[in-house]
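Student: One structure, as structure tokens, below. Some questions next.
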Amino acid sequence: MALVLLGISATATSMGISLDQYGRWGARFFPLAGSIALILLGLMELRNAPATSAVERKHLPAIAALLILSVAYVWMISALGYLVATALAAPAALWVFGVRSAAGLGAAALLCSIAYHLVFFKLLGVFPPLGRYFDLLDVIGGY
């Protein structure tokens with residue numbers, strides 16, 4: 001039920017994202033898709049849940065770590081820019097999920113930053129959030 005409520009809230013919030021200068025939904029597309037996915041996943045979980053289900057406490061530390069990481073990621077984007085924040089947050093998230101390979105974590109830092117940059121800022125035309133204190137896009141010459 002929590003996923004459904006979170007999805008509904010996220011959908012309403014996503015609708016508050018402004019259209020781009022041409023009146024298109026570019027910046028809304030992925031937040032809305034994610035919000036609707038939360039609703040659908042929540043409904044599937046509700047349908048498949050047993051009548052009495054206990055919360056498994058062994059996953060609570062990972063959930064807390066991801067919550068802290070998500071708040072830190074939003075702050076890092078505003079302070080250090082999108083590329084640096086993603087390069088730090090992607091391997092940290094994989095670490096929480098149990099990935100310990102140095103090559104895998106390094107690849108996540110590089111590939112997630114590049115892939116998300118291409119999808120959001122090149123293909124969808126969303127302007128990248130710039131860092132207040134430092135931004136790698138300034139160093140490498142734009143977006």
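The values are calculated or read from the model by the stated rules, or taken from the named source; none is laboratory data. Keep in mind the model is a prediction, meaning the values are calculated, not measured. We place every Cβ from the backbone using ideal geometry, glycine too, and count neighbours over all the protein chains shown. Just so you know, the surface numbers come from the protein's heavy atoms only, side chains and all, with ligands and any DNA or RNA stripped out. Shrake-Rupley method; radii C 1.70, N 1.55, O 1.52, S 1.80 Å.
Student: Under a point-charge model restricted to the Cβ atoms of Lys and Arg (+1) and Asp and Glu (-1), what is the dipole moment magnitude of the range 1-97 relative to its Cα centre, in debye to the nearest 20?
Tutor: So the magnitude is around 60 debye.
Student: Sticking with this structure for a sec: Compute the relative contact order of the chain as a whole-number percentage, counting only Cα pairs closer than 8 Å that sit 6 or more residues apart in sequence.
Tutor: Working: 142 pairs, mean separation 33.0, N = 143.
Value for the chain: 23 percent.
Student: Hey, what number do you get for the chain at 222 nm if only DSSP H runs of n ≥ 4 count, each worth -39500 (n - 2.57), divided across all residues, to the nearest 500?
Tutor: Calculated from helices alone, the mean residue ellipticity at 222 nm is -21000 deg cm²/dmol.
Student: Positive end of the dipole of the range 1-100, charges at C-beta (+1 Lys, Arg; -1 Asp, Glu), about the Cα centre: which of Ile77, Leu94, Tyr22 has its Cα farthest in that direction?
Tutor: In the range 1-100, that residue is Leu94.
Student: Next question. Using 0.36 nm per residue, how much length does the chain from Tyr133 to Leu43 gain when fully extended, once their Cα-Cα distance is taken away?
Tutor: Working: separation 90, 0.36 × 90 = 32.40 nm, distance 4.19 nm.
Here the segment from Tyr133 to Leu43 would lengthen by 28.2 nm.
Student: Which residue, Tyr133, Tyr82, Tyr73, tops the fluctuation ranking in a GNM of the chain built on C-alpha contacts under 10 Å?
Tutor: So, out of Tyr133, Tyr82, Tyr73, the one fluctuating most is Tyr133.
Student: Run the accessible area of the chain with a 1.4 Å probe and give the carbon-and-sulfur part as a rounded percent.
Tutor: Values: 7050 of 9650 Å².
With neighbouring chains kept in place, the figure for the chain is 73 percent.
Student: Using only Cα atoms and rounding to the nearest 10 degrees, what angle (0 to 90) does helix 102-116 make with the longest principal axis of the chain?
Tutor: Roughly 70 degrees between the two axes.
Student: Let me ask something else about it. As I understand it, the value is the acute angle between the Cα axis of helix 2-14 and the longest principal axis of the Cα atoms of the chain; what does it come to in degrees, rounded to 10?
Tutor: 30 degrees
Student: When the chain is treated as a GNM, springs tying every alpha-carbon pair under 10 Å, which of Ala103, Ala87, Ala27 comes out with the largest mean-square fluctuation?
Tutor: Comparing Ala103, Ala87, Ala27 in a Gaussian network model of the chain, the most mobile one is Ala103.
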